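See below for the structure under consideration.
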Amino acid sequence: MTSLNGKVAIVTGASSGIGQAIAERLATEGAIVVVNYLRSESKVRAVVAAIQGKGGKAVAVQADISVVADARRLVVDTAAQFSRVDILVNNAGKFVPKSLLDTSEDDFDAQMALHAKGPYFAMQEAAKVMRDQGRIVNISSAGTKLHYYGATAYLGSRGALEQFTQGIAQELAPRGITVNTVAPGFTDTGILTEPYRQMGIQLSPFKRLGRPEDIAEVVAFLVSEQARWVTGQTIQAGGGIVM
Ligand SMILES: NC(=O)c1ccc[n+]([C@@H]2O[C@H](COP(=O)([O-])OP(=O)(O)OC[C@H]3O[C@@H](n4cnc5c(N)ncnc54)[C@H](OP(=O)(O)O)[C@@H]3O)[C@@H](O)[C@H]2O)c1
């Protein structure tokens, strides 16, 4: 795989789980990684220290991706600090199970703000500053193809992001910028409660949960030069739970 030496990558929600694995993987390839987080300051410090300990480059930046001004600031400040942005990974997310009848308007808005609106405007800002041949990867969920109970608003917000991927891929293709979605299946992070862990193990023909590194490898491919001909796609990375 081609090295990301000298490239600047933003990974949202990278203080733990899948985002952390993506940040570490891109840093291993040589990218300078902006490690975004919401509240977990001690965790993000550990992620940055681990990357730096292996000779990589990373900085932590707090921003609430569900707030458009913050999502914009993350991209604008990165461009100002490093004079370039090459990669944006919209990974930040939070699954709050709610049935239709239990979903308040605030619950609904919170899902849309974090998984659809914030990433949309982060992409808009990135489109202004990103170098040609840049890469955008949106993290969605295999659940958009599974539709499990209590996840309707969450998965609706994820479906919006998958749709944005296709439209923005068309708009940015003339500059060689690719835009893709990765849809993880049940992945072994703090987000999963025990019932979902068990469901995930049963649903995958591999009979295990995904590991954050399984997802990070797919993202590493999509941001590489070798993936230049892949755009507008939703790549299932769920251990076969969607076929
Ligand atoms: N694990 C799975 O089975 C699975 C399956 C499908 C899709 N996904 C998606 O994959 C992504 C990563 O999930 P994960 O499993 O790795 O969960 P995780 O370990 O809980 O990580 C979530 C990350 O998102 C950050 N975050 C949450 N709200 C944020 C906000 N408003 N602004 C900025 N950052 C925010 C958290 O930061 P703080 O720690 O600072 O709060 C944390 O870094 C999410 O979008 C999730 O929906 C996960």
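Fully extended, how many nm does the chain gain between residue 5 and residue 171 (0.36 nm per residue separation, minus their Cα-Cα distance)?
Difference between extended and current length: 57.1 nm.
Per residue, how much accessible surface does the chain expose to a 1.4 Å probe? Answer in Å², no decimals.
47 Å²
Taking 0.36 nm per intervening residue step and subtracting the Cα-Cα distance, what contour gain separates residue 50 from residue 191 on full extension?
48.6 nm
Under a crude label model (7 Å from the Cα following the beta-carbon direction), how far is residue 243 from residue 206 in nanometres?
Each label point lies 7 Å from its Cα, and together they span 1.5 nm.
Among 18, 142, 116, whose Cα sits farthest toward the positive end of the charge dipole of the chain (+1 at Cβ of Lys/Arg, -1 at Cβ of Asp/Glu, about the Cα centre)?
18
Can you give the extra length, in nm with one decimal, that the chain gains between residue 107 and residue 229 once fully stretched, where that is 0.36 nm per residue apart less the Cα-Cα distance?
Taking residue 107 through residue 229 to full extension adds about 40.1 nm, to one decimal.
Size of the dipole of the chain about the Cα centre, Lys and Arg at +1 and Asp and Glu at -1 on the beta carbon, nothing else charged, in debye to 20?
500 debye
Expressed as a whole percentage, what fraction of the accessible surface of the chain belongs to carbon and sulfur atoms when a 1.4 Å probe is rolled over the protein heavy atoms?
Here it works out to 54 percent.
What's the local net charge at residue 140, with K and R +1, D and E -1, over the other residues with C-beta under 13 Å away?
+1
Residue 96 to residue 198: FRET efficiency via 1/(1 + (r/R0)^6), r the Cβ-Cβ distance, R0 25 Å, to the nearest 0.05?
The formula returns an efficiency of 0.80 here.
Among the listed pairs 57/207; 57/128; 7/43, give every one whose C-alpha distance is greater than 30 Å.
57/207
Which helices, taking whole DSSP H runs in the chain, have alpha carbons extending 15 angstrom or more along the helix axis plus mean Kyte-Doolittle at least 0.5?
212-222
The values are calculated or read from the model by the stated rules, or taken from the named source; none is laboratory data. Everything numeric here is computed off the predicted structure, so don't read it as measured data. Positions of Cβ are backbone-derived with ideal geometry, glycine not excepted, and every protein chain shown enters the neighbour counts. SASA here: full protein model, heavy atoms, side chains in, ligands and nucleic acids out. Shrake-Rupley method; radii C 1.70, N 1.55, O 1.52, S 1.80 Å.
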